[in-house]
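Structure, as structure tokens:
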Amino acid sequence: MLQEAVKPSRRAAGVEYAIRDVVVKAEEVRRSGKRIVNLNIGDPVKYDFDTPPNIKQAMKKAIDNGSNYYCASEGLRELREAVAAKENRVNRAQIEAGNVLITQGISEAIMFLLGAIVNPGDEVLIPGPCYPPYLTYTKFFDGKAITYRCIEEAGWAPDLADLERKITERTRLILVINPSNPTGSVYSKQDLSRIVELAASRNIPIAADEVYDRIIYDGSFTSLASIAKDTPMLGLNGFSKAYLMTGWRLGYMYIQDPDGRLKHVWDAIQRMSRVRLCASTPAQMAGIEALTGPQEHIAEMVAKLQQRRDYAWKRANAIPGLSTTKPSGAFYLFPKITLPGTKWRSDEEFVTDLLNETGVLVVHGSGFDPDYGKDHFRVVFLPEEAMLAEAFDAIENFMKRHS
């Protein structure tokens, strides 16, 4: 007798991740014989960027010297000291090694953060649009992700009035993603100060995802840690972007909490870290070299990315039916699609048709927030200019065919 298939848990059935979910569709198109132009995942090493040689050598040396064991769950002491020194020097934080936890990429830090702070029914205020795992994990832990508006016409600056309106007695955390994924916006010091004031007045902790803190094109970057002072905050960062170590899966989180109001949350995060044992020990040895060794590659990388940003921004804005703000950080454009009057009912339909017709793979904006991300798509400007030209030529011709 045919038996009914076993159903997944409710939590797992609801998991989505737009950035990689679109790859499933792309593989189907690839099998049909069409060449795929990948502009979907923010991985510089997939293009013409490479991990600095000194970091590679540190990894090889660690392996050859026998550093292939489980280390402490919180991470190697020397790496935690290097992280604290970097955050204190670069971002004007005030932390020690004991305030740092090494994670398997920033994704694990997100899971730890939300797993430790969200109870069923709790609300987390998240910028809209945002990096999708914040929405997914909040939902996974039976919380409610509330996105506060970011204003496209103002370069995707946070709408502070909207943020304040959405604070309730169920709000457990205010999140800042700065520089932003997917928009590339960089928050002003004034906006960050106001967010801190709002959090402090309501006794709500803050979390700051600052993984793109070293990839800035216009103006300067202000870390939330430099402003938070007595307001408890948790910082999330990693090695994937500035140090071109995406596949190494090395990140970290830290706590800045002078009055100890988050001590129980921090203890819970550390307990969760013990369950998964530790991040890769050889990768951590390389992380020490990344933070303490030469840093010249960062300026070189940013200069090359700035040229590609300028090219991609100009090309996108020259295509009828598209418009985009100029990102000040990270390596993404988030163009708006003029959908009324076209065949497409949603940004996801647009992205799917673009893929099927041209092979250009981008990510639908509603995957970054159904409200504030809709009618947009995210594209990376990591490739060399020739590949960007091929992609934007294809997008331009695609738009002309369907106008």
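Return the pair list, or none, for Cβ contacts closer than 7 Å from residues in segment 201-220 that are closer than 19 Å to residue 297 by Cα to residues that are charged (D, E, K, R) and part of a loop (DSSP other than H, G, I, E, B), at least 6 apart or on different chains. Matching pairs, first to second residue: 211/241; 212/241; 215/241. Please verify whether segment 62-77 includes one or more residues that are more than 24 Å from residue 386 (Cβ to Cβ), buried (at least 16 other Cβ atoms within 10 Å of the Cβ) and among the β-branched types (Val, Ile, Thr). No; the residues of segment 62-77 include none that is more than 24 Å from residue 386 (Cβ to Cβ), buried (at least 16 other Cβ atoms within 10 Å of the Cβ) and among the β-branched types (Val, Ile, Thr). Checking each residue in segment 158-210 for being polar (S, T, N, Q) and more than 18 Å from the chain's Cα centre (by Cα) picks out 168, 171, 188, 190, 193, 201, 203. Please indicate, with yes or no, whether at least one residue in segment 50-62 is among the β-branched types (Val, Ile, Thr), in a loop (DSSP other than H, G, I, E, B) and either modelled with pLDDT of 95 or more or on the phi > 0 side of the Ramachandran plot (or both). The answer is yes; a qualifying residue exists. Can you confirm whether residue 291 is touching a residue at least 24 places away in the same chain (Cβ under 8 Å), surrounded by 15 or more Cβ atoms within 10 Å (Cβ to Cβ) and farther than 30 Å from residue 72 by Cα? For residue 291, the condition - touching a residue at least 24 places away in the same chain (Cβ under 8 Å), surrounded by 15 or more Cβ atoms within 10 Å (Cβ to Cβ) and farther than 30 Å from residue 72 by Cα - is not met. In this structure, does residue 386 turn out to be over 27 Å from residue 221 (Cα atoms), free of Cβ contacts under 8 Å to residues at least 12 places away in the same chain and more than 24 Å from the chain's Cα centre (by Cα)? Yes, satisfied. One residue stands out in segment 296-349 among those that are hydroxyl-bearing (Ser, Thr, Tyr) and closer than 22 Å to residue 130 by Cα: the one that is surrounded by the most Cβ atoms within 10 Å (Cβ to Cβ), namely 332. What about residue 279, is it part of a loop (DSSP other than H, G, I, E, B) and on the phi < 0 side of the Ramachandran plot? Judged against the criteria, residue 279 is a match.
Within segment 368-381, how many residues turn out to be in contact with a Gly (Cβ under 7 Å, 6 or more places away or on another chain) and not in a loop (DSSP other than H, G, I, E, B)?
Residues that pass the stated criteria total 4.
For beta carbons closer than 7 Å, sequence separation of 6+ or different chains, a first residue in segment 179-198 that is among the small types (Gly, Ala, Ser) and a second that is assigned to a helix (DSSP H, G or I), the qualifying pairs are 193/227.
Let me confirm something: among 388, 354, which residue is of a type in the set (A, V, I, L, M), more than 30 Å from residue 105 (Cα to Cα) and either in a helix (DSSP H, G or I) or assigned by TED's automatic domain parsing to the domain that holds residue 84 (or both)? Residue meeting the stated conditions: 354. A residue that is within 14 Å of the chain's Cα centre (by Cα) and at pLDDT 95 or above occurs somewhere in segment 252-272. List the residue pairs whose Cβ atoms are under 8 Å apart, where the first residue sits in segment 141-159 and is crowded, with 20+ Cβ neighbours inside 10 Å, the second is among the polar types (S, T, N, Q) and in a helix (DSSP H, G or I), and the two are 6 or more positions apart or on different chains. Final answer for the pair search is 145/138.
Within segment 305-342, take every residue that is part of a helix (DSSP H, G or I) and among the hydrophobic types (A, V, I, L, M, F, W, C) and give me the one that is nearest to the chain's Cα centre (by Cα). Among residues in segment 305-342 that are part of a helix (DSSP H, G or I) and among the hydrophobic types (A, V, I, L, M, F, W, C), the one nearest to the chain's Cα centre (by Cα) is 305. Within segment 73-105, if we keep just the residues that are in a loop (DSSP other than H, G, I, E, B) and acidic (Asp, Glu), the residue that is farthest from the chain's Cα centre (by Cα) turns out to be 96.
Scanning segment 363-395 for residues being over 14 Å from residue 38 (Cβ atoms) and out of contact with any helix residue (DSSP H, G or I) (no Cβ under 8 Å at 6 or more places or on another chain) gives a total of 5.
The residues of segment 294-303 that are assigned to a helix (DSSP H, G or I) and free of Cβ contacts under 8 Å to residues at least 60 places away in the same chain, listed by number, are 296, 299, 300, 303.
The values are calculated or read from the model by the stated rules, or taken from the named source; none is laboratory data. All values reported here derive from a predicted model rather than from experimental measurement. All Cβ positions, even for glycine, are placed from backbone atoms using ideal geometry, and neighbour counts span all protein chains on display.
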